[in-house]
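See below for the structure under consideration.
The values are calculated or read from the model by the stated rules, or taken from the named source; none is laboratory data. As the structure is a computational prediction, the values presented were derived from the model and not from experiment. Cβ placement follows ideal geometry from the backbone for every residue including glycine, while neighbour counts extend to all protein chains displayed. We work out accessible area using only protein heavy atoms, side chains counted, and drop any ligands, DNA or RNA first. Shrake-Rupley method; radii C 1.70, N 1.55, O 1.52, S 1.80 Å.
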Amino acid sequence: MLTIYKTDQGVCHKLKKVEEGCWISLTSPTSKELDEVSMDYNIDPDDLRAALDEEEASRIELEDDYTLILVDVPIVEERNEEEVYTTIPLGIILVNEIVITVCSKDVPVLADFAVNKIKQFSTKKRMRFVYLILFRTASTYQRILRVIDKRRVDIESRFDESSTEINDMIALHELETTLVYFETSLRGNEVVLNRLSLYKRIDQFPEDTELLDDVIIENKQAIEMAVIYKDVISGTRELLSTIEDSRLNNAMKFLTSITLVMAIPTIVSGFYGMNVPLPLAKWAHSFSFLTILTIAVCIIVLIILKKKHML
């Protein structure tokens, strides 16, 4: 879908045709729309389609007629009736006083601009607009990272010494995997931001440079959060695995102790089941005596095992 926006007195509104200082948003575009934009602005079709490839790496390319900025942005998807987080590429192209964004899906980072949730931004100030998109991207990463950490805390709160849900272990693994992807994407974005800080091709206002510094700081904070949360989740998973191993060992010790105790009456009955002369075999009260003696031995063994922490 191709949509044209432009700000007027701080308000973003849609246009029917392209004007100078506007923003062209390509969301899940058709081949026809991509071809039209490519021909109208002399943009390499591969650069337009780069943002539609989920495996495309973040980068910045300086061409003769335009500049391509490719970064990863976070999105929320629904799988098996649960919200999961991932990243997809977002392409930003600066050409002929126009900003073009290309993305395979409708992302909140851009939607906020379209519905006037972002104040004091202008499509005419291209670099500031780009930096605001990148700032919102870093802020969205941080917000999602906090949600991920809250999910970890919820999983830990459900965990006790008596039971462990396999779903919780799987959920922790999925959160850790998400953090790995986030860290990789954020580090790729960091490379782009560092290059932008050295980028002098387009004139920038002094406040634009300050905004870029803020974006770099926010992105670094997001990286630190991702690393810390990943380490915490990794430690949590190791702790849960250790506890599960401990539970298994305790269960094995308990079963071994029960087997040992149950072996005593089996041995006694086995001896007296043989057709050979045995002590007390002809005594009238031998069965009662041997039963009481066997029970007493079992109790003594249980007491010893209890003191040895085998039960």
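Remarks
- Contact annotation: residue pairs with Cβ atoms under 6 Å, 6 or more positions apart or on different chains, pairing a residue in segment 8-31 that is closer than 18 Å to Pro45 by Cβ with a partner that is assigned to a loop (DSSP other than H, G, I, E, B), are Thr27/Met1; Thr27/Asp106; Ser28/Ser104.
- The set of residues in segment 19-52 being in contact with a helix residue (DSSP H, G or I) (Cβ under 9 Å, 6 or more places away or on another chain), farther than 21 Å from Asp112 by Cα and surrounded by 14 or more Cβ atoms within 10 Å (Cβ to Cβ) consists of Leu34, Val37, Ser38, Ile43, Asp44, Asp47, Leu48, Arg49.
- Output for segment 99-121, where each listed residue is among the β-branched types (Val, Ile, Thr) and open to solvent by less than 10 Å² (accessible area, probe 1.4 Å): Val99, Ile100, Thr101, Val102, Val107, Val109
- Test: residue in segment 86-103 that is part of a strand (DSSP E or B), farther than 26 Å from Glu36 by Cα, of a type outside the set (Asp, Glu) and out of contact with any Gly (no Cβ under 9 Å at 6 or more places or on another chain): yes
- When segment 53-72 is filtered for residues that are open to solvent by 10 Å² or more (accessible area, probe 1.4 Å), in a strand (DSSP E or B) and either free of Cβ contacts under 8 Å to residues at least 60 places away in the same chain or of a type in the set (Asp, Glu) (or both), the ones remaining, listed by number, are Glu61, Asp72.
- Of all residues in segment 122-165 being modelled with pLDDT of 80 or more and in a loop (DSSP other than H, G, I, E, B), the one that is least open to solvent (accessible area, probe 1.4 Å): Thr123
- Single condition Ser104 does not satisfy, out of (1) touching an Asp or Glu at 6+ places or on another chain (Cβ under 8 Å); (2) within 20 Å of Glu19 (Cα to Cα): (2)
- Single residue of segment 204-240 satisfying the filter (of a type in the set (Ser, Thr, Tyr) and more than 13 Å from the chain's Cα centre (by Cα)) that is surrounded by the most Cβ atoms within 10 Å (Cβ to Cβ): Thr236
- Residue in segment 18-35 that is in a helix (DSSP H, G or I), farther than 15 Å from Leu94 by Cα, aliphatic (A, V, I, L, M) and in contact with a Pro (Cβ under 7 Å, 6 or more places away or on another chain) present: yes
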